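Colleague: First, the structure itself, so that you have it in front of you.
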Amino acid sequence: MRAYVGDLLAGRETARAVTFSERLGTLVEDAAASEPVSGELVLSRAGPMIRVDGRVATRVALVCAACLRPFEQPLGVTIDEEFSRGGPGEHTPSGEPLGPEAFLMPIEPGDMIDLTEVVRQHLVLALPIAPRCSSDCRGLCPRCGADRNAGTCGCDTVGIDPRLQALEGWSGRSGDRAGKSGARRRGADR
Ligand SMILES: [Zn+2]
Ligand SMILES: [Zn+2]
């Protein structure tokens, strides 16, 4: 959904509440919004910029990192974003160059802003790095790969540190996963 902000920018309007409700579907691989994303957003003018505040919520379909089963959980995010005419990588009103931590969304030609994109980005950053279907998920057997939530497979796993069991079978892919989580965590810290 896009919103017209020309009246806000021109000072003919100071703030406007917008009801957001949209199906976003796939957010990233193995994560999709299974219900419409909905909530109330307030658009207001902040100097030459447009500020968007509010909260949206949905349910997301994920894949458990321990047992690999699909599951759903609620996901809500607080939106706090500013849009500027210059857009990303440009300058603040005072002429200071913006660092990556001051990333701004662009006000598009015709004084439109893309609310869908800002909501999508906030949801992606809020996704769990290692989702769990439940806090007591028993994961897969490190010996035979059986889903241990479904019962015991009979393998002898005594002597394996339970904290290390989850890592077995991931050798060779562990570096890859650490890289991905690292990137997402850095994004969430901005
Ligand atoms: Zn699980
Ligand atoms: Zn087993």
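Colleague: In contact with a Gly (Cβ under 6 Å, 6 or more places away or on another chain) and of a type in the set (A, V, I, L, M): which single residue out of 28, 37, 5, 42 fits that description?
Modeller: 42
Colleague: It is to be established whether one or more residues within the range 78-98 are modelled with pLDDT of 95 or more and within 13 Å of the chain's Cα centre (by Cα).
Modeller: Looking for residues that are modelled with pLDDT of 95 or more and within 13 Å of the chain's Cα centre (by Cα), one finds at least one in the range 78-98, hence yes.
Colleague: Looking only at residues that are closer than 16 Å to residue 121 by Cα and polar (S, T, N, Q) in the range 12-49, which one is surrounded by the most Cβ atoms within 10 Å (Cβ to Cβ)?
Modeller: 38
Colleague: Filter the range 50-63 down to the residues that are more than 19 Å from residue 1 (Cβ to Cβ) and either within 16 Å of ligand 2 (Cβ to nearest atom) or surrounded by fewer than 20 Cβ atoms within 10 Å (Cβ to Cβ) (or both) and list them by number.
Modeller: 59, 61, 63 - these are the residues of the range 50-63 that are more than 19 Å from residue 1 (Cβ to Cβ) and either within 16 Å of ligand 2 (Cβ to nearest atom) or surrounded by fewer than 20 Cβ atoms within 10 Å (Cβ to Cβ) (or both).
Colleague: Can residue 13 be described as touching a helix residue (DSSP H, G or I) at 6+ places or on another chain (Cβ under 8 Å), without any contact (Cβ under 8 Å) to a residue 40 or more places away in the chain and among the acidic types (Asp, Glu)? Steps first, please.
Modeller: Values: touching a helix residue (DSSP H, G or I) at 6+ places or on another chain (Cβ under 8 Å): yes; without any contact (Cβ under 8 Å) to a residue 40 or more places away in the chain: yes; among the acidic types (Asp, Glu): yes.
Taking the combined requirement at face value, the residue satisfies it.
Colleague: If you take the residues in the range 146-155 that are free of Cβ contacts under 8 Å to residues at least 40 places away in the same chain and surrounded by 12 or more Cβ atoms within 10 Å (Cβ to Cβ), which one is farthest from ligand 1 (Cβ to nearest atom)?
Modeller: Step one: list which residues in the range 146-155 are free of Cβ contacts under 8 Å to residues at least 40 places away in the same chain, which gives 146, 150-155.
From what is left, the residues that are surrounded by 12 or more Cβ atoms within 10 Å (Cβ to Cβ) are 146, 153, 155.
Values: 146: 13, 153: 15, 155: 18 Å.
Selected residue: 155.
Colleague: Within the range 103-190, which helices (runs of 4 or more DSSP H) (wholly inside it) include 2 or more residues that are modelled with pLDDT of 85 or more? Lay out the reasoning, then the answer.
Modeller: Details: elements: 115-126, 162-165, 174-188.
Ranges flagged: 115-126.
Colleague: Filter the range 29-47 down to residues that are modelled with pLDDT of 95 or more and under 23 Å from the mean Cα position of the chain (by Cα), then give me how many there are.
Modeller: Final tally of qualifying residues: 13.
The values are calculated or read from the model by the stated rules, or taken from the named source; none is laboratory data. This one's a predicted model, so the numbers in the text were calculated from it and none came from an experiment. Reconstructed Cβ throughout: ideal geometry from the backbone, glycine too, with neighbour counts over all protein chains shown.
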